[in-house]
Amino acid sequence: MIELKETARDGMLEIRMSGAITDEDYREVLVPAIDKAIEDSERIRLLIELESDISDFTLGAMMDDARMGLKHWRGFDRCAVVTRSDAMRRVVKAFWVFMPCPVKVFAPEEIDEARRWLSESLGSIHQTDLGNGVLHVQLLGQLDAAVYAEESADLDAFIRKNNRFRMLLDIREFDGWQGLGAIGEHLKLVRNHAGLVDRAAIVGDAGWQRMAAEVGKRVLSGEVRYFPGAEIEAAKSWLAA
């Protein structure tokens with residue numbers, strides 16, 4: 001059985017799955033609810049209170065689940081799964097890397113934490129015009145796809161004003177991406193603007209952040225250099241030279 005639960009926030013959908021889950025439950029309850037929520041809000045945040053186990057899902061329900069995921073691939077902004085089942089936890093964790101949105105699993109006693117996680121901001125991008133065609137871009141926390149949509153307009157405005165530019169990419173407090181959708185938006189943003197960067201300084205402390213400079217050298221058209229976090233002022237001076 002699939003039940004819809006009332007929420008006070010637009011773009012938030014809560015459902016409860018218990019007992020046997022059939023394709024009829026998907027067709028008559030879940031799919032219409034998700035269709036309407038996405039029609040109203042474009043992207044939704046979904047909380048699934050999952051009391052059923054894998055054996056409770058019929059083959060038809062599993063196929064409907066896959067079809068629904070493909071149909072609304074871009075419609076999910078974030079998904080929290082609340083379950084006590086170890087088997088369901090393993091299934092969700094095995095597949096969440098392929099999801100276009102952030103997915104996180106919570107225990108039943110953590111349901112309020114799950115709601116907070118759906119409501120809070122996971123990460124952000126800060127852009128600061130340092131003058132003379134230098135843009136300071138800070139990646140903070142874990143980024144989801146929505147963050148890129150919000151910042152793209154500001155970046156385009158800066159580029160219109162400067163034509164070509166130099167970039168200080170500050171990733172000292174960057175914790176990675178939430179889901180394939182965020183990675184896709186990041187790659188799209190890089191691809192669209194890579195040829196306009198005359199020089200880029202990448203500032204970070206972790207080993208993988210140093211590797212980002214090597215990737216940048218292959219993607220960006222201009223000169224790219226890595227600086228440890230403590231040398232951010234040196235990075236600014238190099239960009240201004």
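The values are calculated or read from the model by the stated rules, or taken from the named source; none is laboratory data. Model, not experiment: these values are computed from the prediction. As a convention, Cβ positions derive from the backbone with ideal geometry for all residues, glycine included, and neighbour counts pool all protein chains shown. Note: areas computed on protein heavy atoms with side chains; ligands, DNA, RNA excluded. Shrake-Rupley method; radii C 1.70, N 1.55, O 1.52, S 1.80 Å.
Collect the residues in segment 209-241 that are within 13 Å of Leu130 (Cβ to Cβ) and open to solvent by less than 50 Å² (accessible area, probe 1.4 Å), keeping them in residue-number order.
Ile232, Ala235, Trp238, Leu239
Is there any pair linking a residue in segment 32-57 that is more than 30 Å from Asp86 (Cβ to Cβ) to one that is assigned to a helix (DSSP H, G or I) and at pLDDT below 85, with Cβ under 9 Å and at least six apart or on different chains, and which?
Pairs that qualify, where the first residue is more than 30 Å from Asp86 (Cβ to Cβ) and the partner is assigned to a helix (DSSP H, G or I) and at pLDDT below 85, are Asp35/Lys71; Arg43/Ala145; Arg43/Ala146.
Under 18 Å from Asp170 (Cβ atoms) and either within 16 Å of the chain's Cα centre (by Cα) or exposed (fewer than 14 other Cβ atoms within 10 Å of the Cβ) (or both): is that true of Gln142 in this structure? Before the answer, list the steps.
Numbers: under 18 Å from Asp170 (Cβ atoms): yes; either within 16 Å of the chain's Cα centre (by Cα) or exposed (fewer than 14 other Cβ atoms within 10 Å of the Cβ) (or both): yes.
So Gln142 passes the test.
Looking at Glu109, Glu3, Glu14, Glu49, which is the one that is out of contact with any Gly (no Cβ under 9 Å at 6 or more places or on another chain), modelled with pLDDT of 85 or more, farther than 29 Å from Val147 by Cα and not in a helix (DSSP H, G or I)? Give the steps one after another, and end with the answer.
Numbers: Glu109 fails: not in a helix (DSSP H, G or I); Glu14 fails: farther than 29 Å from Val147 by Cα; Glu49 fails: farther than 29 Å from Val147 by Cα.
Residue meeting the stated conditions: Glu3.
In segment 1-21, which residue that is of a type in the set (Val, Ile, Thr) and either open to solvent by 40 Å² or more (accessible area, probe 1.4 Å) or in contact (Cβ under 8 Å) with a residue 40 or more places away in the chain (or both) is farthest from Ser55 (Cα to Cα)? Walk me through it before giving the result.
Pass one, segment 1-21, residues of a type in the set (Val, Ile, Thr): 2, 7, 15, 21.
Among the residues that remain, those that are also either open to solvent by 40 Å² or more (accessible area, probe 1.4 Å) or in contact (Cβ under 8 Å) with a residue 40 or more places away in the chain (or both) are: 7, 21.
On the way: Thr7: 29, Ile21: 9 Å.
Among them, the one singled out is Thr7.
Go through segment 149-241 and tell me which strands (runs of 3 or more DSSP E), entirely inside it, have 2 or more residues that are touching a strand residue (DSSP E or B) at 6+ places or on another chain (Cβ under 8 Å), under 13 Å from Leu139 (Cβ atoms) and at pLDDT below 80. Explain how you work it out, then say what you get.
Values: elements: 165-170, 174-177, 197-204, 223-228.
Of the strands (runs of 3 or more DSSP E) lying wholly inside segment 149-241, those with at least 2 residues that are touching a strand residue (DSSP E or B) at 6+ places or on another chain (Cβ under 8 Å), under 13 Å from Leu139 (Cβ atoms) and at pLDDT below 80 span 174-177.
Mind counting the residues in segment 13-44 that are in contact with a Ser or Thr (Cβ under 8 Å, 6 or more places away or on another chain) and of a type outside the set (Asp, Glu)? Quick ask: steps written out before the conclusion?
Looking only at segment 13-44, we keep the residues that are in contact with a Ser or Thr (Cβ under 8 Å, 6 or more places away or on another chain), and these are 13-14, 17-23.
From what's left, of a type outside the set (Asp, Glu): 13, 17-22.
Selection size over segment 13-44: 7.
Only one of these is modelled with pLDDT of 80 or more, buried (at least 18 other Cβ atoms within 10 Å of the Cβ) and on the phi < 0 side of the Ramachandran plot: Ala61, Ala33, Ala37. Name it. Before the answer, list the steps.
Working: Ala61 fails: modelled with pLDDT of 80 or more; Ala33 fails: buried (at least 18 other Cβ atoms within 10 Å of the Cβ).
When all the criteria are applied, what remains is Ala37.
Only one residue in Gly141, Gly133 is in contact with a Leu (Cβ under 8 Å, 6 or more places away or on another chain) and in contact (Cβ under 8 Å) with a residue 24 or more places away in the chain. Which one? Reasoning before the result, please.
On the way: Gly133 fails: in contact with a Leu (Cβ under 8 Å, 6 or more places away or on another chain).
After ruling out the rest, the residue left standing is Gly141.
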